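Each reported figure results from applying straightforward, stated rules to the coordinates on display, with no laboratory input. Treat the numbers as computed from the prediction; the structure is a model and nothing was measured. When we count neighbours, we look across all protein chains shown, and the Cβ atoms used for this are built from the backbone with ideal geometry, even at glycine.
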Amino acid sequence: RQPPRAPDTIAAVATAPGCGGIGVVRVSGSGLLGFAQALCGRQPQPRLAQFSRFVDGEGRPIDEGILLYFPAPASFTGEDVLELQGHGGPVVMQLLLERCLGLGARLAEPGEFTRRAFLNGKLDLAQAEGVADLIEASTAAAARSAVRSLSGRFSEEVHRIVDRLVDLRMLVEATLDFPEEEIEFLERARAMPRLEGIRGELEALLDRAGQGALLRSGLNVVLVGAPNVGKSSLLNQLAGEERAIVTDIAGTTRDALRETIQIEGIPLHVIDTAGLRDTADTVERLGIERTWREIERADVIVRLVDASVSATGDDELAGRLPGGVERITVVNKIDLVSAAAGREEQAGQVTVRVSARTGEGVDLLRAELLRVAGWHAHGEDVVLARERHLQALRMALGHVCAAGEQLAALELFAEELRLAQERLGEITGEFGADDLLGEIFSRFCIGK
Ligand code: GDP
Ligand code: ZN
């Protein structure tokens, strides 16, 4: 890709809104030496932290802080970049930003810095998405996986498969010129075993990416059961000690009805339906409606019953719960009836016996939730992936499988390989429409 000619200059506050010890205004584009001269009264040294006073158009000080200058191409965006580190208050940041706009910069769009980094070849598309996913990671495990994508691990593996596809394509296309020798040639070149090898690698990567997608978006769990059956207690037990470092994914509204906990780093978005019943207030109706929409997207419904109560009277919510969703029945309060913890499966229906008071059996429930989620990875080589990556990998796999059935018609064989390569190229952004870029980068925050 060619860098855009004479980039216009963009500016934004790069740090989170609100008060902080330090706030950063980032500027990227061209003509930044003049910028620095007007703003700080000096020529900045490349990659050197310089204490500076930042002044407004009349020479009055706005703030003082650190000036950083990264000349192109050795910068995040690949363009000239200035970073103004001032005091992190909303007003002072706004004044610094306005000063930059006054000097001819325009306000950056969401994700525009990262988009420029992509267009200038500093990052590929999967890495750029890793940036956003790291910022939005809701658990430590998701953050670690996002860093792997950001540093290019995912892209490298995609490239390795693309390289093998290219090798095979070259071989096949060379063979096309000598039709009478086709079959013999392919046999000597071991085309089929090589195709099989590519398929195996694709399947393995798809599996790991699937685990990464789970790590990224988590599992929607709905807790149902009569009042006092132990829903809140169970939620506390499930959250355990990891509760403190769990945050909701940025950008989604936090409300009392939905709580995010984690199990082995998988975010579990849990809705305690008690909140639906308890809140009759009209002001909260919107929240309740939103919760119902989330319930529609449930991955698993956990239904609690009380071991110490014989008649469990069917829950009035049951009728409104979505069908065709995994269900786990939890028999709680086994400590009251001196029963043992355990897991049973009958006709595909899983029942777990626990005590939310003593914690007995809660590990079994955690394992069951992970099983339902399809989680089987062991952390370190999971790459954080998005649905669009999975889609591309699946389609590439489809073309590789189709190629295997076309050995008798080499043109078709070659064409399937080409299509597989193109789908993989969409992951890293080598093939891809501009509207895809727009969609991806518009979800970034401003200043990133
Ligand atoms: P919720 O209304 O379904 O959220 O139920 P709570 O979690 O608020 O629990 C209701 C009551 O049952 C509380 O007094 C809990 O301490 C108690 N409780 C919950 N789980 C257990 C359990 O496993 N064993 C015993 N003995 N009591 C429990
Ligand atoms: Zn409760």
Practice task
Name the shape class, rounded, prolate or oblate, that the alpha-carbon gyration tensor gives for the chain, where a ≥ b ≥ c are the square roots of its eigenvalues, rounded holds for a/c under 1.5, and otherwise prolate holds if a/b is larger than b/c and oblate otherwise.
Solution key: oblate
Handout entry: Val337 paired with Asp56, simple spin-label distance in nm, labels 7 Å along Cα-to-beta-carbon
Key = 7.3 nm
Problem - lysines with Cα under 28 Å of Lys333, excluding same-chain neighbours fewer than 8 positions away - result: Lys231
Exercise for the section: Before rounding to the nearest 500, sum -39500 (n - 2.57) across all DSSP H runs of length at least 4 in the chain and divide by the residue total; then give [θ] at 222 nm in deg cm²/dmol. Expected result: -14000 deg cm²/dmol
Practice task
Run the dipole for the chain about the Cα centre, Lys and Arg Cβ at +1, Asp and Glu Cβ at -1, nothing else charged, and hand back the magnitude in debye, nearest 20.
Solution key: 1420 debye
Fill in the blank from the handout: Note on region 327-381: alpha-carbon gyration tensor, axes a ≥ b ≥ c; rule is a/c under 1.5 for rounded, else prolate if a/b larger than b/c, else oblate; result oblate
Problem - Fully extended contour minus Cα-Cα distance, from Ala402 to Glu289, at 0.36 nm per residue - result: 36.1 nm
Problem - Computed label-point distance, nm, for sites Ile446 and Ile135 using a 7 Å Cα→Cβ extension - result: 1.2 nm
Problem - Once the Cα gyration tensor of region 1-157 is diagonalised, semi-axes √(5λ) in Å - result: 29, 19, 13
Practice task
Answer with one residue from Leu176, Ala14, Trp292: the one whose Cα lies farthest towards the positive end of the charge dipole of the chain, charges on Cβ with Lys, Arg +1 and Asp, Glu -1.
Solution key: Ala14
Problem - region 377-448 shape via C-alpha gyration tensor axes, a/c threshold 1.5 - result: oblate
Practice task
Determine the dipole magnitude for region 99-155: charges of +1 sit on the beta-carbon of Lys and Arg, -1 on that of Asp and Glu, nothing else is charged, the reference point is the Cα centre, and the result goes in debye to the nearest 20.
Solution key: 220 debye
Problem - Theoretical gain in end-to-end length, Asp163 to Arg42 [0.36 nm per residue, Cα-Cα removed] - result: 38.7 nm
Practice task
Count the DSSP beta bridges whose two residues both fall in the chain, then state the antiparallel fraction as a percent rounded to the nearest 5.
Solution key: 60 percent
Problem - Listed residues Ala347, Gly29, Leu48: farthest to the positive end of the dipole of the chain (Cβ charges) - result: Leu48
Practice task
Would you mind checking which residues have amide H under 5 Å from Ile62's amide H? H placed 1.01 Å from N; only 5 or more apart, or other chain.
Solution key: Phe54, Val55, Asp56
Practice task
Grab the Cα-Cα distance for Met192 and Asp363, subtract it from 0.36 nm times how many residues apart they are, and report the gain in nm with one decimal.
Solution key: 57.0 nm
Practice task
Can you pull the one-decimal nm distance between simple spin-label points at Glu387 and Glu411, each 7 Å off the Cα toward Cβ?
Solution key: 3.8 nm
Fill in the blank from the handout: Note on the chain: helices (DSSP H) long enough, at least 30 Å by alpha carbon along their axis, and hydrophobic enough, mean Kyte-Doolittle at least 0.0, are 153-176
